[in-house]
1. Computed from the coordinates I sent, percent of Cα pairs over 26 Å apart equals one of (1) 43; (2) 18; (3) 56. Tell me the label.
2. Could you derive backbone 3J(HN,Hα) for the stretch 7-14 from the dihedral phi with the Karplus parameters 6.51, -1.76 and 1.60 (θ = phi - 60°), listing whole Hz in sequence and x where the residue is Gly or Pro?
3. I want to verify a result. In a Gaussian network model of the chain, Cα cutoff 10 Å, which of these has the top mean-square fluctuation: G125, G65, G99?
4. Please list, in order along the stretch 111-127, the HN-Hα scalar couplings obtained from phi with the Karplus expression 6.51 cos²θ - 1.76 cosθ + 1.60 (θ = phi - 60°), rounded to whole Hz, x for Gly and Pro.
5. Could you calculate the contour length gain from L73 to I10, that is, 0.36 nm times the residue separation minus the distance between their Cα atoms, to one decimal place in nm?
6. What FRET efficiency comes out for L25 versus L128 if R0 is 22 angstrom and r is the Cβ-Cβ distance? Round to the nearest 0.05.
Amino acid sequence: MSTIRTRWLILIATFSALAGYLVSLAGTMLRWPTPVLPLSSLFTMAVIAGFTLVLGIRVLRWRQGKRQRQLNLILAARTLVLAHACAYAGSLLLGWHIGILVDQLPLWAFRSDHTISFTSLAMTGGGLVMIVIGLVVERFCRIPPEDSEESDGDGGQSKGEGEYA
């Protein structure tokens, strides 16, 4: 499995920020409610990020030799996929709510209720946390290079270097 591409995270965040801005702008003109997730979504995001981190720590502990039994390789692969999904979903949420926040900032002086701005700011922070946890857990799932006494002519690097558990 390949690593998380930072370019893709930036691209997803950029396009979703543009989409969030345009939808929020159109919604303001048509007098629709602003399409921001409620604050209760932060709880769901925290549960997903926490679950990803707990599974990642289990894989990291196994890698560091603090293991009582063999690691279930399916669990390690699922942890890696979950870390990728967490980072990509965080990037999408981060971009969307940045777009909404950018649309709301010019209206800051004209409104007395800034709930939407604070909610989008909180969701932006939650998306950033999901990205960071996804990237950290991906690092936890990396298999360290095996030390071999004999070199196969490849500069002492094993074929498992840079792969995932």
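1. (1)
2. Karplus-based 3J(HN,Hα) across the stretch 7-14 equals 4, 5, 4, 5, 4, 4, 5, 5 Hz.
3. G65
4. 10, 9, 9, 9, 4, 5, 5, 5, 5, 5, 5, 5, 5, 5, x, x, x
5. Length difference between fully extended and current span is 19.7 nm.
6. So the FRET efficiency works out to roughly 0.40.
Bear in mind that the values in this text are calculations on the coordinates, not laboratory data. It should be emphasised that the depicted structure is a prediction, and the values quoted were computed from it without experimental measurement. Methodologically, a virtual Cβ is constructed for each residue, glycine included, from the backbone with ideal geometry; neighbour enumeration extends over all protein chains shown.
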